[in-house]
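Report on the structure given below.
The values are calculated or read from the model by the stated rules, or taken from the named source; none is laboratory data. Values in this document were obtained by computation on a predicted structure and should not be read as measured data. Using ideal geometry, Cβ is built from the backbone for each residue, glycine included, and neighbour counts are taken over all protein chains shown. Just so you know, the surface numbers come from the protein's heavy atoms only, side chains and all, with ligands and any DNA or RNA stripped out. Shrake-Rupley method; radii C 1.70, N 1.55, O 1.52, S 1.80 Å.
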Amino acid sequence: MATEIEAAKVVLEPEVAPVIYSADVNQFNGGKDDSRNVEDVVRGLPSHAVKELLSLGVCVRCIFRLFGIQGPIYGHSLLSPSILSSILGELTVSEEDNVGNVLQKCENATGLTFEELQRKVCCLCLGILQFTFYDDREVLVKKDSPKNLASLIGDMVKQEGHQIDSFSLEVSMPPDILENDQSIWLHMKTKYVSEPWFQEKLCSKCTTAKDALKYSIINSLENLLDSICSVSSFRIRLTYSHSKASEETEKISYRTEASKRRKTGTGNGVNIVDDFLLSRVQCADSFSDETVVGERPLNSMGDQESLKCCKLLLEKANEPYHFAVLFYRTPIYFGGRYLKYSRNVSQTRWIIDDERMGEASVEEIIGGNILPMCRGDNYKFHAAGREDIDVRMLGSGRPFLIEVQNARHLPSEAFVKDIETEINNLENKLVGVKNLKLVGSNGWNLMHEGEAEKQKQYAAIVWISRHLKEEDMQSVSSLKDLKVLQRTPVRVLHRRSPLEREKIIHWMKIESIAGSSQYFLLHLCTQAGTYIKEFVHGDLGRTHPNVGSILGCRAEILQLDVTDVKMDCFLT
(Lines give C-alpha, C1' and ligand atoms only; values in the text may rest on other atoms or scores of the structure.)
Protein backbone atom coordinates (compact mmCIF):
# COMPACT_ATOMS: atom_id res chain seq x y z
CA MET A 1 0.00 0.00 0.00
CA ALA A 2 1.57 3.29 -1.03
CA THR A 3 0.81 6.91 -0.43
CA GLU A 4 2.16 10.21 -1.64
CA ILE A 5 4.72 11.36 0.93
CA GLU A 6 6.79 14.50 1.15
CA ALA A 7 10.33 14.15 -0.12
CA ALA A 8 12.61 16.05 2.28
CA LYS A 9 15.27 18.35 3.61
CA VAL A 10 18.73 17.91 4.97
CA VAL A 11 21.33 18.58 7.68
CA LEU A 12 24.09 16.46 9.22
CA GLU A 13 26.48 16.62 12.14
CA PRO A 14 29.03 14.49 14.02
CA GLU A 15 28.09 12.98 17.38
CA VAL A 16 31.28 13.83 19.23
CA ALA A 17 31.57 17.35 17.80
CA PRO A 18 28.07 18.45 16.74
CA VAL A 19 27.87 20.84 13.79
CA ILE A 20 26.14 24.05 14.87
CA TYR A 21 25.42 26.42 12.00
CA SER A 22 24.84 30.17 12.12
CA ALA A 23 21.24 29.55 13.18
CA ASP A 24 20.77 28.31 16.73
CA VAL A 25 18.99 25.00 16.12
CA ASN A 26 17.92 24.87 19.75
CA GLN A 27 15.76 28.00 19.49
CA PHE A 28 12.87 27.22 17.16
CA ASN A 29 9.74 28.55 18.78
CA GLY A 30 7.51 29.33 15.83
CA GLY A 31 8.54 32.99 15.60
CA LYS A 32 8.93 35.24 12.57
CA ASP A 33 12.60 34.46 12.11
CA ASP A 34 12.13 30.69 11.89
CA SER A 35 12.23 30.65 8.08
CA ARG A 36 15.59 32.40 8.11
CA ASN A 37 16.89 30.01 10.79
CA VAL A 38 15.93 26.98 8.70
CA GLU A 39 17.49 28.57 5.65
CA ASP A 40 20.76 29.22 7.47
CA VAL A 41 20.94 25.61 8.63
CA VAL A 42 20.19 24.16 5.20
CA ARG A 43 22.69 26.43 3.44
CA GLY A 44 25.41 25.02 5.68
CA LEU A 45 25.02 21.63 4.00
CA PRO A 46 26.55 20.32 0.75
CA SER A 47 23.70 20.97 -1.70
CA HIS A 48 24.64 18.25 -4.19
CA ALA A 49 24.70 15.58 -1.45
CA VAL A 50 21.38 16.80 -0.05
CA LYS A 51 19.73 16.70 -3.46
CA GLU A 52 21.06 13.22 -4.10
CA LEU A 53 19.59 12.03 -0.81
CA LEU A 54 16.28 13.56 -1.82
CA SER A 55 16.45 11.74 -5.14
CA LEU A 56 17.02 8.48 -3.26
CA GLY A 57 13.79 9.01 -1.30
CA VAL A 58 15.25 10.20 2.00
CA CYS A 59 12.92 12.53 3.91
CA VAL A 60 13.89 15.96 5.20
CA ARG A 61 14.26 15.00 8.84
CA CYS A 62 16.28 11.88 8.02
CA ILE A 63 18.67 14.02 5.99
CA PHE A 64 19.01 16.32 9.00
CA ARG A 65 19.81 13.45 11.31
CA LEU A 66 22.30 11.86 8.86
CA PHE A 67 24.34 15.03 9.32
CA GLY A 68 23.83 14.87 13.10
CA ILE A 69 21.55 17.89 13.45
CA GLN A 70 19.92 18.01 16.89
CA GLY A 71 17.30 20.10 18.62
CA PRO A 72 13.75 21.43 18.10
CA ILE A 73 14.37 22.21 14.41
CA TYR A 74 12.84 18.77 13.76
CA GLY A 75 9.52 20.08 15.02
CA HIS A 76 9.49 23.01 12.64
CA SER A 77 6.48 23.28 10.34
CA LEU A 78 8.59 24.72 7.50
CA LEU A 79 10.39 21.44 6.77
CA SER A 80 8.71 20.78 3.43
CA PRO A 81 10.16 19.80 0.03
CA SER A 82 9.08 23.07 -1.55
CA ILE A 83 10.89 25.15 1.09
CA LEU A 84 13.94 22.96 0.77
CA SER A 85 13.99 23.28 -3.01
CA SER A 86 13.66 27.05 -2.85
CA ILE A 87 16.60 27.26 -0.44
CA LEU A 88 18.90 24.97 -2.42
CA GLY A 89 18.05 26.48 -5.80
CA GLU A 90 19.05 25.02 -9.15
CA LEU A 91 21.77 22.41 -9.55
CA THR A 92 24.97 23.18 -11.36
CA VAL A 93 25.78 21.13 -14.47
CA SER A 94 28.13 18.86 -12.56
CA GLU A 95 25.56 18.42 -9.79
CA GLU A 96 22.86 17.57 -12.35
CA ASP A 97 25.12 14.93 -13.89
CA ASN A 98 25.95 13.54 -10.48
CA VAL A 99 22.32 13.29 -9.31
CA GLY A 100 21.16 12.13 -12.74
CA ASN A 101 23.58 9.21 -12.67
CA VAL A 102 22.35 8.22 -9.24
CA LEU A 103 18.72 8.48 -10.28
CA GLN A 104 19.34 6.40 -13.42
CA LYS A 105 21.01 3.69 -11.32
CA CYS A 106 18.08 3.69 -8.91
CA GLU A 107 15.54 3.42 -11.72
CA ASN A 108 17.50 0.58 -13.33
CA ALA A 109 17.90 -1.24 -10.01
CA THR A 110 14.29 -0.98 -8.87
CA GLY A 111 12.33 -0.66 -12.10
CA LEU A 112 10.63 2.44 -10.65
CA THR A 113 10.43 5.89 -12.24
CA PHE A 114 11.44 9.05 -10.37
CA GLU A 115 7.76 9.92 -9.76
CA GLU A 116 7.13 6.44 -8.32
CA LEU A 117 10.18 6.77 -6.07
CA GLN A 118 8.84 10.03 -4.68
CA ARG A 119 5.50 8.44 -3.82
CA LYS A 120 7.21 5.96 -1.52
CA VAL A 121 7.68 6.72 2.15
CA CYS A 122 11.17 7.65 3.30
CA CYS A 123 13.55 4.79 2.62
CA LEU A 124 15.23 5.25 6.01
CA CYS A 125 12.47 5.88 8.58
CA LEU A 126 9.59 4.39 6.53
CA GLY A 127 7.32 7.31 7.33
CA ILE A 128 8.05 7.74 11.03
CA LEU A 129 9.52 11.22 10.62
CA GLN A 130 6.91 12.02 7.97
CA PHE A 131 4.26 11.21 10.61
CA THR A 132 2.72 8.53 8.43
CA PHE A 133 1.57 5.22 9.87
CA TYR A 134 -1.13 2.56 9.95
CA ASP A 135 -3.68 2.86 12.73
CA ASP A 136 -5.39 0.03 14.59
CA ARG A 137 -7.96 -0.32 11.79
CA GLU A 138 -5.22 -0.82 9.17
CA VAL A 139 -6.00 2.64 7.75
CA LEU A 140 -3.06 4.66 6.47
CA VAL A 141 -2.81 7.93 8.40
CA LYS A 142 -0.66 10.93 7.53
CA LYS A 143 -0.32 13.84 9.91
CA ASP A 144 0.68 17.07 8.20
CA SER A 145 3.05 18.24 10.92
CA PRO A 146 4.72 17.20 14.17
CA LYS A 147 2.19 19.34 16.01
CA ASN A 148 -0.68 17.28 14.61
CA LEU A 149 0.93 14.04 15.79
CA ALA A 150 1.51 15.62 19.19
CA SER A 151 -2.15 16.70 19.25
CA LEU A 152 -3.24 13.11 18.60
CA ILE A 153 -1.10 11.86 21.49
CA GLY A 154 -2.13 14.71 23.78
CA ASP A 155 -5.83 14.11 23.15
CA MET A 156 -5.39 10.46 24.03
CA VAL A 157 -3.65 11.36 27.30
CA LYS A 158 -6.52 13.69 28.20
CA GLN A 159 -9.12 11.06 27.34
CA GLU A 160 -7.43 8.69 29.76
CA GLY A 161 -7.82 11.33 32.46
CA HIS A 162 -4.27 11.25 33.82
CA GLN A 163 -3.34 13.92 36.35
CA ILE A 164 0.20 14.97 35.37
CA ASP A 165 2.67 17.80 35.77
CA SER A 166 5.51 16.10 33.88
CA PHE A 167 6.06 13.16 31.55
CA SER A 168 8.77 10.98 30.04
CA LEU A 169 8.68 10.23 26.33
CA GLU A 170 9.83 6.78 25.22
CA VAL A 171 10.09 5.49 21.66
CA SER A 172 10.44 1.94 20.37
CA MET A 173 11.45 1.27 16.76
CA PRO A 174 12.52 -1.91 14.95
CA PRO A 175 16.28 -2.29 14.49
CA ASP A 176 16.00 -2.27 10.70
CA ILE A 177 16.03 1.55 10.81
CA LEU A 178 19.61 1.38 12.06
CA GLU A 179 20.55 -0.87 9.17
CA ASN A 180 18.87 1.50 6.73
CA ASP A 181 21.10 4.24 8.15
CA GLN A 182 24.13 2.02 7.70
CA SER A 183 23.24 1.37 4.08
CA ILE A 184 22.79 5.00 3.13
CA TRP A 185 25.94 6.02 5.00
CA LEU A 186 27.93 3.46 3.05
CA HIS A 187 26.54 4.85 -0.19
CA MET A 188 27.54 8.38 0.84
CA LYS A 189 30.98 7.22 1.85
CA THR A 190 31.51 5.51 -1.51
CA LYS A 191 30.67 8.71 -3.40
CA TYR A 192 31.96 11.50 -1.17
CA VAL A 193 34.71 10.17 1.06
CA SER A 194 37.32 12.27 -0.75
CA GLU A 195 35.39 15.55 -0.33
CA PRO A 196 36.39 17.79 2.60
CA TRP A 197 32.83 18.21 3.96
CA PHE A 198 32.47 14.44 4.35
CA GLN A 199 35.49 14.18 6.60
CA GLU A 200 34.41 17.29 8.46
CA LYS A 201 30.70 16.84 8.95
CA LEU A 202 29.58 13.27 8.39
CA CYS A 203 30.23 11.11 11.43
CA SER A 204 30.12 7.38 12.08
CA LYS A 205 26.93 7.69 14.08
CA CYS A 206 24.11 10.00 13.10
CA THR A 207 21.28 11.36 15.24
CA THR A 208 18.98 8.41 15.85
CA ALA A 209 15.46 8.29 14.49
CA LYS A 210 14.24 7.99 18.08
CA ASP A 211 15.90 11.25 19.06
CA ALA A 212 14.68 12.98 15.91
CA LEU A 213 11.08 11.98 16.65
CA LYS A 214 11.40 13.20 20.22
CA TYR A 215 12.85 16.51 19.04
CA SER A 216 9.92 16.79 16.61
CA ILE A 217 7.07 16.53 19.09
CA ILE A 218 8.30 17.28 22.62
CA ASN A 219 7.75 21.05 22.54
CA SER A 220 4.22 20.65 21.19
CA LEU A 221 3.43 17.93 23.72
CA GLU A 222 4.66 20.10 26.58
CA ASN A 223 2.37 22.93 25.45
CA LEU A 224 -0.64 20.68 24.88
CA LEU A 225 -0.30 18.89 28.22
CA ASP A 226 0.88 21.95 30.14
CA SER A 227 3.66 19.74 31.51
CA ILE A 228 7.40 19.44 31.16
CA CYS A 229 9.23 16.51 29.62
CA SER A 230 11.69 15.17 32.17
CA VAL A 231 12.35 12.15 34.32
CA SER A 232 8.82 11.38 35.46
CA SER A 233 6.61 8.67 36.91
CA PHE A 234 4.22 9.19 33.98
CA ARG A 235 5.42 7.63 30.73
CA ILE A 236 4.25 8.08 27.16
CA ARG A 237 5.56 5.25 25.01
CA LEU A 238 5.32 5.26 21.22
CA THR A 239 5.80 1.89 19.54
CA TYR A 240 6.40 1.37 15.83
CA SER A 241 6.35 -2.11 14.33
CA HIS A 242 6.61 -3.32 10.75
CA SER A 243 7.13 -7.04 10.24
CA LYS A 244 7.69 -6.84 6.48
CA ALA A 245 10.62 -4.45 6.85
CA SER A 246 12.11 -6.64 9.54
CA GLU A 247 11.88 -9.74 7.36
CA GLU A 248 13.54 -8.04 4.39
CA THR A 249 16.27 -6.61 6.59
CA GLU A 250 17.10 -10.06 7.92
CA LYS A 251 17.84 -11.27 4.39
CA ILE A 252 21.03 -9.21 4.14
CA SER A 253 21.77 -8.59 7.80
CA TYR A 254 25.07 -6.83 8.42
CA ARG A 255 25.43 -8.45 11.81
CA THR A 256 27.28 -11.61 12.68
CA GLU A 257 25.32 -14.76 13.37
CA ALA A 258 26.35 -14.55 17.00
CA SER A 259 24.82 -11.11 17.47
CA LYS A 260 21.42 -10.85 19.10
CA ARG A 261 18.61 -8.63 17.89
CA ARG A 262 16.40 -6.68 20.17
CA LYS A 263 12.81 -7.82 19.99
CA THR A 264 10.31 -5.03 19.53
CA GLY A 265 6.72 -4.54 20.49
CA THR A 266 3.98 -5.56 18.11
CA GLY A 267 1.47 -2.76 18.44
CA ASN A 268 -1.10 -2.73 15.64
CA GLY A 269 -2.32 0.79 15.56
CA VAL A 270 -3.11 3.94 17.48
CA ASN A 271 -4.54 2.44 20.61
CA ILE A 272 -3.97 2.01 24.31
CA VAL A 273 -1.95 -1.16 24.60
CA ASP A 274 -1.80 -3.41 27.64
CA ASP A 275 0.96 -4.70 29.93
CA PHE A 276 1.71 -7.53 27.47
CA LEU A 277 2.88 -5.03 24.88
CA LEU A 278 4.74 -3.14 27.55
CA SER A 279 6.66 -6.25 28.55
CA ARG A 280 7.71 -6.82 24.91
CA VAL A 281 8.69 -3.27 24.04
CA GLN A 282 12.46 -2.77 24.03
CA CYS A 283 13.47 0.86 23.83
CA ALA A 284 15.73 3.50 25.28
CA ASP A 285 14.14 5.93 27.72
CA SER A 286 16.43 8.89 27.18
CA PHE A 287 18.21 10.82 24.43
CA SER A 288 21.52 9.07 24.99
CA ASP A 289 22.93 5.55 24.85
CA GLU A 290 20.21 4.26 22.52
CA THR A 291 22.14 1.31 21.21
CA VAL A 292 20.75 -1.78 19.54
CA VAL A 293 22.30 -5.04 20.66
CA GLY A 294 24.73 -6.24 18.03
CA GLU A 295 25.05 -2.75 16.50
CA ARG A 296 28.02 -2.25 14.20
CA PRO A 297 29.60 1.07 13.22
CA LEU A 298 28.28 2.71 10.08
CA ASN A 299 31.63 2.32 8.37
CA SER A 300 31.90 -1.43 8.92
CA MET A 301 30.41 -2.59 5.59
CA GLY A 302 32.35 -3.13 2.39
CA ASP A 303 32.19 -0.58 -0.41
CA GLN A 304 31.00 -3.16 -2.92
CA GLU A 305 27.69 -3.40 -1.08
CA SER A 306 26.71 0.23 -1.74
CA LEU A 307 24.44 -0.29 -4.75
CA LYS A 308 23.00 -3.46 -3.26
CA CYS A 309 22.13 -1.57 -0.06
CA CYS A 310 20.40 1.28 -1.91
CA LYS A 311 18.49 -1.16 -4.08
CA LEU A 312 17.19 -2.93 -0.98
CA LEU A 313 16.13 0.33 0.60
CA LEU A 314 14.26 1.51 -2.47
CA GLU A 315 12.54 -1.83 -3.01
CA LYS A 316 11.22 -2.15 0.51
CA ALA A 317 10.35 1.42 1.42
CA ASN A 318 6.69 1.27 0.52
CA GLU A 319 4.92 0.34 3.76
CA PRO A 320 4.78 2.63 6.79
CA TYR A 321 4.93 1.17 10.27
CA HIS A 322 2.04 0.34 12.53
CA PHE A 323 1.79 2.77 15.41
CA ALA A 324 0.68 2.15 19.00
CA VAL A 325 0.64 4.41 22.03
CA LEU A 326 0.87 3.38 25.66
CA PHE A 327 0.32 5.66 28.64
CA TYR A 328 1.22 4.42 32.07
CA ARG A 329 2.37 5.67 35.41
CA THR A 330 4.98 3.86 37.42
CA PRO A 331 3.43 2.36 40.57
CA ILE A 332 2.60 4.54 43.54
CA TYR A 333 2.80 3.05 47.02
CA PHE A 334 0.67 3.44 50.12
CA GLY A 335 2.26 2.29 53.36
CA GLY A 336 0.76 1.75 56.78
CA ARG A 337 -0.22 -0.87 59.34
CA TYR A 338 -3.33 -2.98 59.30
CA LEU A 339 -5.31 -4.59 62.10
CA LYS A 340 -7.48 -7.67 61.59
CA TYR A 341 -10.32 -8.08 64.06
CA SER A 342 -11.98 -11.19 62.64
CA ARG A 343 -11.00 -14.85 62.78
CA ASN A 344 -12.69 -15.43 59.45
CA VAL A 345 -10.70 -13.01 57.28
CA SER A 346 -7.62 -14.12 55.33
CA GLN A 347 -4.73 -11.78 54.58
CA THR A 348 -5.08 -12.25 50.80
CA ARG A 349 -7.91 -13.55 48.65
CA TRP A 350 -8.12 -17.31 49.24
CA ILE A 351 -9.93 -19.59 46.80
CA ILE A 352 -9.82 -23.40 46.91
CA ASP A 353 -11.65 -25.41 44.23
CA ASP A 354 -13.67 -22.34 43.26
CA GLU A 355 -14.82 -21.92 46.88
CA ARG A 356 -13.92 -18.84 48.84
CA MET A 357 -12.26 -19.35 52.20
CA GLY A 358 -13.40 -16.78 54.75
CA GLU A 359 -15.80 -13.90 54.37
CA ALA A 360 -13.24 -11.36 53.09
CA SER A 361 -9.53 -10.55 52.94
CA VAL A 362 -7.34 -7.73 54.24
CA GLU A 363 -6.01 -7.27 50.70
CA GLU A 364 -9.45 -6.72 49.18
CA ILE A 365 -10.78 -4.47 51.93
CA ILE A 366 -7.80 -2.10 51.88
CA GLY A 367 -6.88 -2.32 48.19
CA GLY A 368 -10.49 -2.24 47.09
CA ASN A 369 -10.97 1.13 48.80
CA ILE A 370 -7.70 2.68 47.66
CA LEU A 371 -7.84 1.65 43.96
CA PRO A 372 -11.01 3.51 42.87
CA MET A 373 -9.87 6.68 44.61
CA CYS A 374 -6.61 6.60 42.62
CA ARG A 375 -8.38 5.50 39.43
CA GLY A 376 -5.69 2.90 38.84
CA ASP A 377 -5.76 -0.22 36.69
CA ASN A 378 -5.09 -2.69 39.51
CA TYR A 379 -3.20 -3.08 42.76
CA LYS A 380 -0.88 -5.46 44.57
CA PHE A 381 -0.77 -6.09 48.30
CA HIS A 382 2.48 -6.69 50.19
CA ALA A 383 2.88 -7.30 53.92
CA ALA A 384 5.69 -7.93 56.40
CA GLY A 385 4.77 -11.54 57.10
CA ARG A 386 1.31 -13.03 57.48
CA GLU A 387 -1.03 -14.58 60.00
CA ASP A 388 -3.40 -17.51 59.57
CA ILE A 389 -7.03 -16.82 58.72
CA ASP A 390 -8.12 -17.70 62.30
CA VAL A 391 -5.50 -15.44 63.91
CA ARG A 392 -6.29 -11.82 64.73
CA MET A 393 -3.77 -9.01 64.15
CA LEU A 394 -3.99 -6.54 67.04
CA GLY A 395 -1.76 -4.06 68.85
CA SER A 396 0.27 -1.76 66.62
CA GLY A 397 -0.71 -3.67 63.48
CA ARG A 398 1.30 -5.32 60.70
CA PRO A 399 3.25 -3.19 58.16
CA PHE A 400 1.92 -3.36 54.61
CA LEU A 401 2.26 -1.74 51.19
CA ILE A 402 -0.41 -1.26 48.54
CA GLU A 403 1.11 -0.88 45.07
CA VAL A 404 -1.30 0.91 42.72
CA GLN A 405 -0.51 0.48 39.05
CA ASN A 406 -1.12 3.20 36.47
CA ALA A 407 -2.87 5.58 38.88
CA ARG A 408 -4.60 8.43 37.06
CA HIS A 409 -5.16 10.46 40.21
CA LEU A 410 -2.39 11.30 42.68
CA PRO A 411 -4.00 11.75 46.10
CA SER A 412 -2.95 14.53 48.43
CA GLU A 413 -2.00 13.96 52.07
CA ALA A 414 -5.48 15.03 53.16
CA PHE A 415 -7.04 12.69 50.63
CA VAL A 416 -4.99 9.77 52.01
CA LYS A 417 -6.32 10.52 55.48
CA ASP A 418 -9.85 10.41 54.07
CA ILE A 419 -9.13 6.95 52.65
CA GLU A 420 -7.89 5.77 56.05
CA THR A 421 -11.01 7.14 57.75
CA GLU A 422 -13.29 5.49 55.20
CA ILE A 423 -11.67 2.06 55.72
CA ASN A 424 -11.84 2.38 59.52
CA ASN A 425 -15.50 3.38 59.37
CA LEU A 426 -16.63 0.39 57.31
CA GLU A 427 -19.78 -1.14 58.76
CA ASN A 428 -18.45 -4.70 59.18
CA LYS A 429 -15.38 -3.61 61.21
CA LEU A 430 -13.34 -6.57 59.94
CA VAL A 431 -10.14 -4.62 59.24
CA GLY A 432 -8.59 -1.36 60.40
CA VAL A 433 -5.73 0.80 59.12
CA LYS A 434 -3.20 2.96 61.00
CA ASN A 435 -0.69 5.57 59.78
CA LEU A 436 -1.65 5.30 56.10
CA LYS A 437 0.56 7.48 53.90
CA LEU A 438 1.98 7.81 50.42
CA VAL A 439 5.52 6.46 50.27
CA GLY A 440 8.03 6.22 47.46
CA SER A 441 9.57 3.03 46.19
CA ASN A 442 11.80 3.23 49.26
CA GLY A 443 8.78 1.85 51.10
CA TRP A 444 10.11 -1.55 50.11
CA ASN A 445 13.34 -0.86 51.95
CA LEU A 446 11.49 0.43 54.99
CA MET A 447 9.31 -2.64 55.18
CA HIS A 448 12.03 -5.22 54.53
CA GLU A 449 14.67 -3.62 56.76
CA GLY A 450 15.25 -6.05 59.60
CA GLU A 451 12.33 -8.23 58.52
CA ALA A 452 14.28 -11.44 59.09
CA GLU A 453 15.41 -10.25 62.55
CA LYS A 454 12.10 -8.74 63.66
CA GLN A 455 10.38 -9.95 66.80
CA LYS A 456 6.68 -10.66 67.16
CA GLN A 457 4.53 -10.86 70.26
CA TYR A 458 1.54 -13.16 70.68
CA ALA A 459 -1.22 -13.96 73.10
CA ALA A 460 -2.62 -17.51 73.01
CA ILE A 461 -5.32 -19.30 74.96
CA VAL A 462 -3.86 -22.69 75.93
CA TRP A 463 -5.39 -25.84 77.45
CA ILE A 464 -3.29 -28.43 79.28
CA SER A 465 -4.21 -31.91 80.39
CA ARG A 466 -3.68 -31.21 84.11
CA HIS A 467 -4.17 -28.40 86.59
CA LEU A 468 -1.91 -25.38 86.24
CA LYS A 469 0.48 -24.93 89.16
CA GLU A 470 2.28 -21.86 90.49
CA GLU A 471 5.66 -23.43 89.76
CA ASP A 472 4.56 -23.85 86.11
CA MET A 473 4.15 -20.12 85.79
CA GLN A 474 7.53 -19.49 87.36
CA SER A 475 9.40 -22.08 85.28
CA VAL A 476 7.94 -20.76 82.03
CA SER A 477 8.67 -17.11 82.80
CA SER A 478 12.27 -17.98 83.75
CA LEU A 479 13.05 -19.21 80.24
CA LYS A 480 14.87 -16.56 78.17
CA ASP A 481 16.03 -16.83 74.55
CA LEU A 482 15.00 -20.47 74.39
CA LYS A 483 16.25 -22.19 71.22
CA VAL A 484 13.65 -24.32 69.48
CA LEU A 485 14.11 -26.72 66.56
CA GLN A 486 11.11 -26.82 64.23
CA ARG A 487 10.65 -29.16 61.34
CA THR A 488 8.22 -28.00 58.67
CA PRO A 489 4.73 -28.41 60.22
CA VAL A 490 2.53 -31.23 59.01
CA ARG A 491 -0.23 -28.75 58.09
CA VAL A 492 1.99 -26.94 55.54
CA LEU A 493 4.11 -29.83 54.25
CA HIS A 494 2.09 -29.89 51.02
CA ARG A 495 3.41 -26.40 50.11
CA ARG A 496 6.66 -25.96 52.06
CA SER A 497 10.01 -27.69 51.80
CA PRO A 498 10.71 -30.27 54.54
CA LEU A 499 13.38 -28.37 56.47
CA GLU A 500 14.48 -28.03 60.07
CA ARG A 501 14.69 -24.45 61.37
CA GLU A 502 16.12 -23.09 64.60
CA LYS A 503 14.04 -20.30 66.15
CA ILE A 504 14.29 -18.36 69.39
CA ILE A 505 11.58 -17.81 71.99
CA HIS A 506 12.78 -14.60 73.62
CA TRP A 507 10.45 -14.70 76.62
CA MET A 508 7.15 -16.19 77.87
CA LYS A 509 4.66 -15.34 80.57
CA ILE A 510 1.59 -17.25 81.80
CA GLU A 511 -1.52 -15.35 82.86
CA SER A 512 -4.10 -17.42 84.68
CA ILE A 513 -7.78 -17.25 83.76
CA ALA A 514 -10.17 -16.79 86.65
CA GLY A 515 -12.40 -19.78 87.31
CA SER A 516 -10.27 -22.21 85.23
CA SER A 517 -7.40 -24.42 86.33
CA GLN A 518 -6.55 -25.94 82.94
CA TYR A 519 -6.88 -22.89 80.70
CA PHE A 520 -4.46 -19.98 80.72
CA LEU A 521 -3.29 -17.08 78.60
CA LEU A 522 0.25 -17.47 77.25
CA HIS A 523 2.09 -14.27 76.29
CA LEU A 524 5.30 -14.76 74.33
CA CYS A 525 7.81 -12.91 72.17
CA THR A 526 9.53 -14.88 69.41
CA GLN A 527 11.83 -14.59 66.45
CA ALA A 528 10.07 -13.94 63.14
CA GLY A 529 9.06 -17.13 61.37
CA THR A 530 8.34 -19.19 64.47
CA TYR A 531 5.34 -21.51 64.17
CA ILE A 532 3.46 -20.65 67.38
CA LYS A 533 0.72 -23.27 67.15
CA GLU A 534 3.32 -26.01 66.74
CA PHE A 535 5.39 -24.60 69.58
CA VAL A 536 2.41 -25.08 71.87
CA HIS A 537 1.26 -28.59 70.92
CA GLY A 538 4.56 -30.00 69.61
CA ASP A 539 3.29 -31.10 66.17
CA LEU A 540 3.77 -34.84 66.88
CA GLY A 541 7.28 -34.17 68.15
CA ARG A 542 8.35 -32.13 65.11
CA THR A 543 8.88 -29.01 67.30
CA HIS A 544 11.09 -29.44 70.35
CA PRO A 545 11.06 -28.24 73.03
CA ASN A 546 7.42 -27.14 73.18
CA VAL A 547 4.97 -25.96 75.82
CA GLY A 548 3.74 -29.49 76.37
CA SER A 549 7.25 -30.87 76.92
CA ILE A 550 8.20 -27.96 79.17
CA LEU A 551 5.16 -28.51 81.42
CA GLY A 552 5.32 -32.29 81.11
CA CYS A 553 1.77 -32.72 79.84
CA ARG A 554 -0.38 -32.43 76.74
CA ALA A 555 -0.96 -28.87 75.55
CA GLU A 556 -3.34 -27.53 72.90
CA ILE A 557 -3.80 -24.03 71.53
CA LEU A 558 -7.39 -22.74 71.27
CA GLN A 559 -6.98 -19.18 70.04
CA LEU A 560 -4.07 -17.03 68.89
CA ASP A 561 -3.61 -13.29 68.41
CA VAL A 562 -0.62 -11.33 67.13
CA THR A 563 -0.25 -8.42 69.56
CA ASP A 564 2.83 -6.66 68.15
CA VAL A 565 5.18 -6.73 65.15
CA LYS A 566 8.35 -5.04 66.28
CA MET A 567 9.49 -3.11 63.20
CA ASP A 568 10.31 0.58 62.87
CA CYS A 569 8.36 1.28 59.69
CA PHE A 570 4.99 3.04 59.55
CA LEU A 571 4.76 3.56 63.32
CA THR A 572 3.66 7.18 62.89
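List, in the order given, every pair from 509/566; 380/437; 340/456; 434/503; 503/566; 51/210 whose Cα-Cα distance in the structure shown is over 27 Å. Show your work: numbers first, answer last.
Numbers: 509/566 18 Å; 380/437 16 Å; 340/456 16 Å; 434/503 29 Å; 503/566 16 Å; 51/210 24 Å.
Violating the 27 Å Cα-Cα cut-off are 434/503.
Using the per-residue mean of other Cβ atoms lying within 10 Å as a proxy for protection, in what order, highest first, do the peptides 543-556, 469-482, 121-134, 523-536 fall?
Top to bottom by mean Cβ count within 10 Å: 121-134, 523-536, 543-556, 469-482.
Accessible area per residue for region 488-566 in Å², computed with a 1.4 Å probe and the full protein assembly in place, what is it?
Per residue, region 488-566 has 48 Å² of solvent-accessible surface.
Quick one: length gained pulling residue 144 to residue 465 fully straight, 0.36 nm per residue minus the C-alpha distance? Write down the numbers at each step before the final one.
Working: separation 321, 0.36 × 321 = 115.56 nm, distance 8.74 nm.
So the chain would gain 106.8 nm between residue 144 and residue 465.
Among the trypsin sites (Lys or Arg not before Pro) in region 131-196, which ones are in a DSSP loop with at most 16 other Cβ atoms within 10 Å of the Cβ? Mind listing them?
137, 143
How big is Rg to Rh over region 401-487, alpha-carbon atoms, Rh as the Kirkwood inverse-mean-distance radius?
On the Cα set of region 401-487, Rg over Rh gives 1.17.
Would you mind telling me the share, in percent, of accessible area of region 479-567 contributed by carbon and sulfur at probe 1.4 angstrom? Working shown, then result.
Working: 2290 of 4450 Å².
Summing carbon and sulfur atoms, their accessible area is 51 percent of the total for region 479-567.
Extending each Cα 7 Å along its Cβ direction at residue 490 and residue 230, get the distance between those two points in nm, one decimal.
Label-label distance for residue 490 and residue 230, simple model: 6.3 nm.
At most 10 other Cβ atoms within 10 Å and a DSSP loop assignment: could you name the GluC sites (Glu not before Pro) in region 389-438 that fit?
The qualifying sites are 427.
Hey, can you grab everything whose amide H is under 5 Å from the amide H of residue 170? Only 5+ residues off in sequence or another chain; H modelled, so Pro and N-termini drop out.
Under 5 Å from the amide H of residue 170: 236, 237, 238.
With the Cα gyration tensor of region 479-558 in hand, give its eigenvalues times 5 under a square root as the equivalent ellipsoid semi-axes, listed largest first in whole angstrom.
Taking √(5λ) for each Cα gyration eigenvalue gives 23, 14, 11 Å.
From the phi angles alone, apply the Karplus equation (6.51, -1.76, 1.60; θ = phi - 60°) to region 492-499 and give each ³J(HN,Hα) in whole Hz, x where the residue is Gly or Pro.
With coefficients 6.51, -1.76 and 1.60, one gets 10, 4, 5, 10, 10, 5, x, 10 Hz.
Would you mind pulling out the separation of the Cα centroids of region 516-572 and region 383-430, in Å?
If you average the Cα positions of each part, the centres end up 27 Å apart.
Can you pull the one-decimal nm distance between simple spin-label points at residue 413 and residue 136, each 7 Å off the Cα toward Cβ?
Result for the modelled spin labels: 4.0 nm.
Contact order normalised by length for region 470-538, with contacts defined as Cα pairs under 8 Å and 6 or more residues apart; what percent is it? Can you show the working numbers first?
Details: 93 pairs, mean separation 20.2, N = 69.
Answer for region 470-538 is 29 percent.
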